[in-house]
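The block underneath contains the structure these notes are about, expressed in structure tokens.
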Amino acid sequence: MSKTSKLCLAKWRLWITSLLFCITAADVRYSVPEETKTKYVIGSLSKDLNLDSNRLRFRKARLDYQGDKRYCEVDLDSGNLFVSERIDREMLCGTTSPCLLHFEFVLENPLELHNVVLEVQDINDNSPVFPKDSIKLEISEAAPTGSKLQIARARDLDVGMNSVQTYILSQNKHFVVDTKSNKDRYVDIVLKNSLDRETKAEHSLILSAVDGGNPPKSGTVVIEVFVIDVNDNAPVFSQPLYDTRLSENAALGTSVMKITATDVDEGANGQITYYINHLSDNTKELFKIDEHSGEISVIGHLDHEKSSSYEMEVQAEDGGGQTGHCKVVIEIDDVNDNAPVISVKSLKNQIPENIPPGSEIAVINVKDQDSGENSRVSCSIPTSLPFQLQPYIKSYFIITTTRSLDREQIENYNVTITATDGGTPTLHSNITLNIQVSDINDNSPTFELQTYAVYVSENNKPGTSVCSVSANDPDWRQNGTVLYSLVPSEVNGVPVSSFLSINGDTGVIHAVRSFDYEQFRNFTVKVVARDNGSPPLSSNVTVKVFITDENDNSPQILYPVPDGKSLMTEMVPKATLSGSLVSKVIAVDADSGQNAWLSYQIVKSTDPGLFSIG
Ligand SMILES: *[C@@H]1O[C@H](CO)[C@@H](O)[C@H](O)[C@H]1NC(C)=O
Ligand SMILES: *[C@@H]1O[C@H](CO)[C@@H](O)[C@H](O)[C@H]1NC(C)=O
Ligand SMILES: *[C@@H]1O[C@H](CO)[C@@H](O)[C@H](O)[C@H]1NC(C)=O
């Protein structure tokens, strides 16, 4: 382009401008960014209004403004319009845009008035500001995705692009910001992923509002989102199965164990009460659980022998009715609280005395309800007895005889069986079997004497008892009942039974007839003692009967023969000397001994002094 055409273009531009001013009632219009330094030159009034700047002072040029402040002045030397004090668009116009200041430029000589319009341009000198620095919000953990939280928008005093353009939410897993809806009043914070109070109960978000300035400015608000609990968790036990051991002698009130369930919910939703779901009636009477602490304790008498383990289901329930379950197994340990029990399975309580050694007389069963070592039973009987106890099968024992028995010595035995278990301390029990030895006819009657000698005076009365024999038989009852009898024999050809009889029961021997010593002086008889057994046993004894003499016979004079009443005559010489033998009288006596001793005397004499007898 040529120099002239350039000039032409400039002139044309000016013309256009002038023309424009004419159209706007000869006003001049300027624009100035807010917040410029004072003395900032906005434009040249003299130039733009075609005024002679040298005459401005003379013409008393001045700028009028309706208001406290002036903001702009005219430099009377140069004709420039400049900023005289701080211009804050936001204070002047707020959100009004464009922000226009109206001045009147007045000159005198001649009077001239120009409207000057100054557009205050916004600069991004304000940050977006939220109504509060921090906001606290609550949302249920059960809120569905898409749920919205409304946040009051940030305000930016600047206008246009310098006002809030976007919102940015701090990085997080659950929320996004949505600025599309509710454009004028709220920003929506939208739930993108569902919440879980138990994982994170509080979410701290930072929402930034960013304006479109260059550089952009931003304002932030801290949003504390509190997640409200929903009873979405059931109580959970620390173990699915609790296993413990307990001694069967555990006292009432003994604590068995404490089980715990946890519920991550809050408040009542997390408060747990415990119950036992009794599976059978027996656990109901034995165990209880503390509703609050979960402590299981003993309330009944445990017995390992009844049940060696108990199983229960425990339920934990939270305040919202959600439940959790666990299994509880309580093993009951044995305590040696049961003595062995001896029972007699079979017993021969009467055994014959001739029972062979080794014969079985009893079968015993010994049981101990305890278990393990506590139930290991040993069993014994005294070794002094003719019996022994031997293990049979399992818990059975047999008692056998070890040697032959004799009822006549010992007719009953008390066999005390002692059973002792293996516990510590041991428990024992005993039982006494009374074993009767029954009789066998194994003893013959035995006479007290080997022989009996009986002295009987002659001339006895028939039927008098002359003696008694006695035999002993230690056997029982009829086996020991002795019957006496005489062994048939003859005395001088006469049956002995015609001399003597014997009382079969008493052994008393009677004379059947009167004896005559002079007939026979003695005889023997055999007495048999026989018991009543079957077959009977017997023994015999010899009874010697001696008949004693009685003086039952008068002497008999043999010489001189006393035949008739005739006198015997003896001749004696006259001169016979005194003491000479005259005659001999011979007499005999059938008796014996003293009874037969004879003495002679002269009973009657005519001349008593003349004869004597020796
Ligand atoms: C056995 O016991 C019974 C009853 O206690 C008693 O009468 C009897 O005399 C005892 N026998 C022995 C041999 O001790
Ligand atoms: C006597 O002995 C026989 C066997 O010799 C026996 O069978 C019987 O029972 C015994 N009598 C009594 C009463 O003991
Ligand atoms: C008497 O006893 C003896 C010996 O014990 C015996 O040999 C005899 O046969 C017995 N006599 C009678 C009659 O029983």
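Quick rundown of the values:
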read-out	value
Test: residue in the stretch 187-205 that is exposed (fewer than 15 other Cβ atoms within 10 Å of the Cβ) and of a type in the set (G, A, S)	yes
Which numbered condition N336 fails, given (1) out of contact with any Pro (no Cβ under 9 Å at 6 or more places or on another chain); (2) surrounded by 14 or more Cβ atoms within 10 Å (Cβ to Cβ); (3) polar (S, T, N, Q); (4) closer than 23 Å to F287 by Cα	(1)
Residue count, the stretch 115-147 (criterion: in contact with a Pro (Cβ under 6 Å, 6 or more places away or on another chain) and in a strand (DSSP E or B))	2
Those strands (runs of 3 or more DSSP E) lying entirely in the stretch 384-432 with at least 1 residues modelled with pLDDT under 95 and closer than 16 Å to Q350 by Cα	412-420
Candidates S489, S468, S457 - the one that is of a type outside the set (V, I, T), touching a strand residue (DSSP E or B) at 6+ places or on another chain (Cβ under 7 Å) and within 16 Å of ligand 3 (Cβ to nearest atom)	S489
Restricting the stretch 36-60 to residues that are within 13 Å of D75 (Cα to Cα) and part of a helix (DSSP H, G or I), the residue that is modelled with the lowest pLDDT	S53
Any hit, the stretch 538-557, residues being touching a Cys at 6+ places or on another chain (Cβ under 9 Å) and crowded, with 16+ Cβ neighbours inside 10 Å	yes
Count of residues meeting criterion [acidic (D, E) and within 30 Å of E458 (Cα to Cα)] in the stretch 568-614	2
Matching residues, the stretch 532-556, being of a type in the set (S, T, N, Q) and more than 16 Å from ligand 3 (Cβ to nearest atom)	N532, S534, T548, N551, N553, S554, Q556
Options I330, I361; residue that is over 22 Å from the mean Cα position of the chain (by Cα), of a type in the set (V, I, T) and either closer than 30 Å to I259 by Cα or surrounded by 14 or more Cβ atoms within 10 Å (Cβ to Cβ) (or both)	I361
Residue in the stretch 131-149 that is within 28 Å of D88 (Cβ to Cβ) and surrounded by 19 or more Cβ atoms within 10 Å (Cβ to Cβ) present	no
First in the stretch 429-444 and without any contact (Cβ under 8 Å) to a residue 24 or more places away in the chain, second anywhere and away from ligand 3 (no atom under 16 Å from the Cβ) and part of a strand (DSSP E or B), Cβ under 7 Å, 6 or more apart	T432/N414; T432/V415; T432/T416
Unique match (being assigned to a loop (DSSP other than H, G, I, E, B) and acidic (D, E)) among E331, E291	E291
Members of the stretch 401-417 found to be over 30 Å from N472 (Cα atoms) and surrounded by fewer than 17 Cβ atoms within 10 Å (Cβ to Cβ), listed by number	T416
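Yes/no matrix, rows are residues, columns are (1) more than 33 Å from the chain's Cα centre (by Cα); (2) over 25 Å from H304 (Cβ atoms); (3) not hydroxyl-bearing (S, T, Y):
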| site | (1), (2), (3) |
| --- | --- |
| N374 | no, no, yes |
| T402 | yes, yes, no |
| N414 | yes, yes, yes |
| T420 | no, no, no |
| D439 | yes, yes, yes |
| D442 | yes, yes, yes |
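The values are calculated or read from the model by the stated rules, or taken from the named source; none is laboratory data. Just so you know, these numbers come straight off a predicted model, no measurement behind them. No Cβ is skipped: glycine too gets one built from the backbone with ideal geometry, and neighbour counts run over all protein chains shown.
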